[in-house]
Structure formats: C-alpha cells, structure tokens
Amino acid sequence: MGEMVKMKDHTRDSRHSLFGTSIINWIRLLIDHGGVDWAFLPRALFITFSTIVILPAQLLFKLIYGPRIAKTRIVHPPIFIIGHWRGGTTFLHELISQDPQLTHISLWHTLVPHSFLVLDDSRKLLAQFLPTTRPMDAMEVDIDGPYEEEAGLAALGRLSFFHCFIFPRDAERQYRQSVLFEGVNAKEIASWKKNYLQFLKAVTFASGGMQLILKNPANTARVKTLLELFPEARFIYIYRNPYKVYVSTKRMRMRVLDQFALQHTTAEEVEQHVIDDYVSLMKAYFEQKDQIPDGQLIEICYEDLVANPMNQIRQIYEKLGLPGLDAAEPAMQHHIDQQTDYKKNVYKLDEEIIRRVDEHWDFAIKRWGYKPPR
C-alpha cells in the first residue's frame, strides 16, 4: 500500500461541501461509503451538527417554496459547459455568466440547495466563513459567483462526483455510478434526474425564469441523460492540452481532498483515478456527442479561448443561436480585462509524466494533435 496523502489539521476545519445536506442524506452517505476514518471525526461532527442546525430552514423551504418550485417551468433550454476538470470550464463559465440575460448556479446555491431562499438574509454572514480562494487554483471565492452544480448534487443525494473527494476510499465505485451511471438501476437514475431538475427549477424560480448557464465537468459523460431532460439543451465542450490537464487535475484532487476528505487515501490511488477517470469521461463523451442535434453543440479549444476570448465567445453565440451578445460584450470584456493580473499555475512536466500521458491518453492527444509543452 502506498503512502497516505497528508492532510491538514482536521480539528481546525469548520467548512465542508456537505454543510447544507439533509440529515437523512448524510446518514445514507455514511452507510453507503463505509463511514469515516478516525482522524476525520472533527470534520464529520461538524457536518452532523450543521445538518441538525439547518433542518428547520430546510423544512420551511419545502413548505413555503416547494409548491411554487414544483410548478416552475424551465422555458429556456439550459446551456451546459462540459469538458474535463481543469480544462478551462471555469474560465468559460465565469465569462459567459457576465451576460445579463443568463443566470447561474452560485456557490451559495450549492452550499444550501435545500434552503437557500429561506436563508438568503444569512448569506453575507456565512460568506465570512468561506476560504478567500479556491483550493485548486487560488482563484477568488465569491459566494454569489458561478459555481459547479455538482457540489449541490452532493448535498441533495447519493450520486455526485463530489463524493469521490469526501469518501476517497470508495472513489472508483462512486465515480462509475455517479458520472457514468454504471452499476445503478433505473430507480436511482430517476432519483438523480429528480434531484437535478428540482435544483435547476429552484434556481430558475429564484431568478424569475432566466436561462441557465451551467458548468459541470461530470456532465461530460451524461449527455444522453441531459438530453432526456432537456432535448433542446445547448452544449459547449471545451478541451485542453492533456499533458497540462494531467498535472493540473492531480494537483486539484490532492488539494480538494485536503479540504473535504473523510477517509484516507494514497497518492498512488489518486494518480490512478486521474488517469482512469479521464479515459472513461472522454470516451463516454465521444460515444454520446452524436446524439446532440445539429446546432446545439460547439467544441472549442482552451488555448484558443485564452488567446482571443471574445472571438471564441462570438463563435459560440453564433453556432448555438444565442441572442444578445452585443449587450453582453462590454461586461464580458471588462471581466477579461480584470483577469490580466491573475497568475496562472506553472506546470513542470518531466519525462515520466509525458510517458504516462502518452501511454494512457494517446487517443485524445492524437484526436486534437497536441504535443508535450516545452
């Protein structure tokens, strides 16, 4: 067995992505994933305490807003940004979210998906307890900024990629079930669809019916299921140099584990998950993408987006038939200008990394014609 991943002092931890989950879901997760390792008990106790404290708000949310959310119709087909983790989805999501015609799922929504409308007056107070930057890339944390809805799904039900970080000992099974829908029955998939649809309806209701722009790498392998929910959905698939994705994803997973894990894991296991998950995610997308109707999918290159953001945005809006770019462009350009001082991660690629990527991800490298960065 490899050396355990070193985690920070868990007794000092007072933040977790399961902060807003229900006590029923919390108990189910503990049973399903084999419990918590002793070293992470303070973290688990914090989650337990938070589920009890937040229960009244969850009940009020269901009582006051449940019927209205259930009647909410998602009139405008959602726009899904997909692609592998660390492939540029966040930058693209934040850029398109500057369009005032669109609404997004925020970090606030994902923290308390059962109760965000009831607790809205507490949003600014709770924001003070959040980290100032994201663990994976040091980008500034904004409680109202666009965020990955998969984090909200982790609090809503059993199937979520985020559970791979929380229960890493069970990461392989959880990934195959929650992302690829392998080894789950029709009832479980129907439950996932229900949770997802209710979450999107709740955010749509809160926005007054605006069109959703969503970013979720796990959805890259769920194209078929998403089309069953939203036949007219639009998809933006973004890809990036696999060599950089490898290094960045490994770093991201280690940092997120440090913040959220309730079980021990090894660096070797993390690295193997990075390799295997990329293969299954990309192949699932390549197999399903032909099911997307003409005019509802555009594929873009991360390097092209960084080189000329607005040119890529114009192509996206034109290909997907999205209106209103002229009105949105000033805000988007302002956002781009603000990123000029952001320091990107520096990647060190030795020959062993290049060999591993070539060995396992050659199908993607050849597809896009990438070479190892020098």
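For region 245-298, name all the residues that are among the basic types (Lys, Arg), within 22 Å of Ala364 (Cβ to Cβ) and surrounded by fewer than 21 Cβ atoms within 10 Å (Cβ to Cβ).
If we filter region 245-298 for residues that are among the basic types (Lys, Arg), which is where we start, we get 250-251, 253, 255, 283, 289.
Subset that is within 22 Å of Ala364 (Cβ to Cβ): 250-251, 253, 283, 289.
Listed by number, the residues that qualify are Lys250, Arg251, Lys283, Lys289.
Please tell me if Glu188 is surrounded by fewer than 16 Cβ atoms within 10 Å (Cβ to Cβ), more than 14 Å from the chain's Cα centre (by Cα), assigned to a helix (DSSP H, G or I) and at pLDDT 95 or above.
On the way: surrounded by fewer than 16 Cβ atoms within 10 Å (Cβ to Cβ): no; more than 14 Å from the chain's Cα centre (by Cα): yes; assigned to a helix (DSSP H, G or I): yes; at pLDDT 95 or above: yes.
Spelling it out, it is not the case that Glu188 is surrounded by fewer than 16 Cβ atoms within 10 Å (Cβ to Cβ), more than 14 Å from the chain's Cα centre (by Cα), assigned to a helix (DSSP H, G or I) and at pLDDT 95 or above.
Quick check, is Leu320 touching a Lys or Arg at 6+ places or on another chain (Cβ under 6 Å), at negative phi and surrounded by 14 or more Cβ atoms within 10 Å (Cβ to Cβ)? Break it down into steps so the answer makes sense when it comes.
Working: touching a Lys or Arg at 6+ places or on another chain (Cβ under 6 Å): yes; at negative phi: yes; surrounded by 14 or more Cβ atoms within 10 Å (Cβ to Cβ): yes.
Yes, satisfied.
Can you list the helices (runs of 4 or more DSSP H) found entirely within region 213-291 that contain at least 3 residues being in contact with a Leu (Cβ under 9 Å, 6 or more places away or on another chain) and in contact (Cβ under 8 Å) with a residue 24 or more places away in the chain? Please lay out each step first, then the result.
Values: elements: 223-229, 242-260, 267-288.
Filter on region 213-291 gives 242-260, 267-288.
All but one of (1) part of a helix (DSSP H, G or I); (2) among the hydroxyl-bearing types (Ser, Thr, Tyr); (3) under 17 Å from Gly88 (Cα atoms); (4) within 16 Å of the chain's Cα centre (by Cα) hold for Tyr196; which doesn't?
(3)
Condition check: farther than 18 Å from Ala221 by Cα, surrounded by 16 or more Cβ atoms within 10 Å (Cβ to Cβ) and modelled with pLDDT under 95. Does Ile365 satisfy that? Give the derivation first.
Working: farther than 18 Å from Ala221 by Cα: yes; surrounded by 16 or more Cβ atoms within 10 Å (Cβ to Cβ): yes; modelled with pLDDT under 95: no.
Against the criterion (farther than 18 Å from Ala221 by Cα, surrounded by 16 or more Cβ atoms within 10 Å (Cβ to Cβ) and modelled with pLDDT under 95), Ile365 does not qualify.
Among all residue pairs at least 6 apart or on different chains, which show Cβ distances below 9 Å where the first residue, located in region 354-374, is touching a residue at least 12 places away in the same chain (Cβ under 8 Å) and closer than 12 Å to Asn241 by Cα and the second is exposed (fewer than 13 other Cβ atoms within 10 Å of the Cβ) and of a type in the set (Lys, Arg)?
Correct list of pairs: Ile365/Lys371.
The values are calculated or read from the model by the stated rules, or taken from the named source; none is laboratory data. Model, not experiment: these values are computed from the prediction. Cβ: placed from backbone, ideal geometry, glycine included. Neighbour counts: every protein chain shown.
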